[in-house]
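Below you'll find the structure, written out as structure tokens, and then a few comments.
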Amino acid sequence: MQIKKADFVISNTDYKRCPKPDKPEYAFIGRSNVGKSSLINMLTGQSSLAKTSSRPGKTQLINHFLINETWYLVDLPGYGWASVGKEKRDSFSIMIKDYLLYRENLLCTFALIDIRHEMQNNDAEFMQWLGENGVPFVIIFTKADKLSQPQIQSQVAQYKRKMAHLWEEMPQYFVTSAVEHKGKTEILNLIQQTNLLKLS
Ligand code: GDP
């Protein structure tokens with residue numbers, strides 16, 4: 001699939017005010033600075049659709065983009081900034097969890113992980129929560145250009161070992177780089193196939 005059209009639709013703090021759930025939807029989430037905006041921009045081929053920024057907790061909204069007029073791409077707030085106060089963290093967390101639990105047209109959530117780091121507690125907790133609540137997700141490892149191929153393999157293997165404690169098998173995953181445009185085709189193919197299944 002090629003993304004020919006990507007339009008910003010609306011930003012919300014409440015899933016109930018999101019667009020009518022009449023199209024397949026895919027959400028992207030990860031710790032702040034994981035490379036989510038860069039990945040979304042790579043996927044859509046637009047250099048500034050999602051705002052890249054190192055400012056902590058900047059995107060605190062559920063952002064809907066309509067892609068090729070057929071499906072929604074959702075940019076969810078980044079999590080994991082210590083500098084954001086507890087009260088604010090709790091309200092993000094409720095907003096995100098309600099969205100993930102109750103957004104009826106959400107077909108898959110992409111959980112982004114910086115491939116350079118060991119599994120972080122908040123990533124592990126988040127993925128466990130997704131699993132326990134039956135929210136389908138796929139892992140996207142980001143920033144693969146920062147590691148060599150053997151290092152990538154070793155990081156993925158480490159993840160697989162750790163995930164084996166939580167899951168019978170490693171969830172589906174993609175290794176990506178926004179800098180090298182790596183993983184774009186694979187992610188868009190998955191979305192296209194899921195859309196076809198849904199719409200057929
Ligand atoms: P977000 O906070 O998750 O939306 O992350 P951004 O997309 O704003 O990226 C955070 C930082 O990581 C920025 O300095 C980006 O330039 C950098 N970055 C994002 N993706 C990649 C990537 O694939 N490779 C490299 N080398 N840097 C990246």
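The residues of the stretch 91-108 that are within 27 Å of Asn195 (Cα to Cα), open to solvent by less than 50 Å² (accessible area, probe 1.4 Å) and part of a helix (DSSP H, G or I), listed by number, are Met95, Ile96, Tyr99, Leu100.
Can you give me the number of residues within the stretch 109-122 that are assigned to a strand (DSSP E or B) and open to solvent by 10 Å² or more (accessible area, probe 1.4 Å)?
Kept after step one, since they are assigned to a strand (DSSP E or B), are these residues of the stretch 109-122: 109-114.
With the extra rule that they be open to solvent by 10 Å² or more (accessible area, probe 1.4 Å), the set shrinks to 114.
So the answer is 1.
Taken over the stretch 9-20, the criterion of being within 17 Å of Ile96 (Cβ to Cβ) and not in a helix (DSSP H, G or I) is satisfied by Ile10, Ser11, Asn12, Thr13, Asp14, Cys18. If we keep just the residues of the stretch 123-181 that are open to solvent by less than 20 Å² (accessible area, probe 1.4 Å) and within 14 Å of the ligand (Cβ to nearest atom), which is farthest from the chain's Cα centre (by Cα)? Filtering the stretch 123-181 for residues that are open to solvent by less than 20 Å² (accessible area, probe 1.4 Å) and within 14 Å of the ligand (Cβ to nearest atom), the one farthest from the chain's Cα centre (by Cα) comes out as Ile152.
Looking only at residues that are of a type outside the set (A, V, I, L, M, F, W, C) and more than 12 Å from the chain's Cα centre (by Cα) in the stretch 97-113, which one is nearest to Gly80 (Cα to Cα)?
We begin by selecting, within the stretch 97-113, every residue of a type outside the set (A, V, I, L, M, F, W, C); these are 97-99, 102-105, 109.
Checking which are more than 12 Å from the chain's Cα centre (by Cα) leaves us with 97-99, 102-105.
Values: Lys97: 15, Asp98: 18, Tyr99: 18, Tyr102: 23, Arg103: 23, Glu104: 26, Asn105: 26 Å.
So the residue we want is Lys97.
Quick one: which of Ile187, Ile115, Ile191 is at pLDDT 95 or above and more than 15 Å from the ligand (Cβ to nearest atom)? Don't jump to the end; show me each part of the working.
Values: Ile187 fails: more than 15 Å from the ligand (Cβ to nearest atom); Ile115 fails: more than 15 Å from the ligand (Cβ to nearest atom).
It is Ile191.
The values are calculated or read from the model by the stated rules, or taken from the named source; none is laboratory data. Note that this is a predicted model, so its numbers are computed, not measured. Using ideal geometry, Cβ is built from the backbone for each residue, glycine included, and neighbour counts are taken over all protein chains shown. Each accessible area value is taken on the protein alone, full model and side chains, heavy atoms only, with ligands, DNA and RNA left out. Shrake-Rupley method; radii C 1.70, N 1.55, O 1.52, S 1.80 Å.
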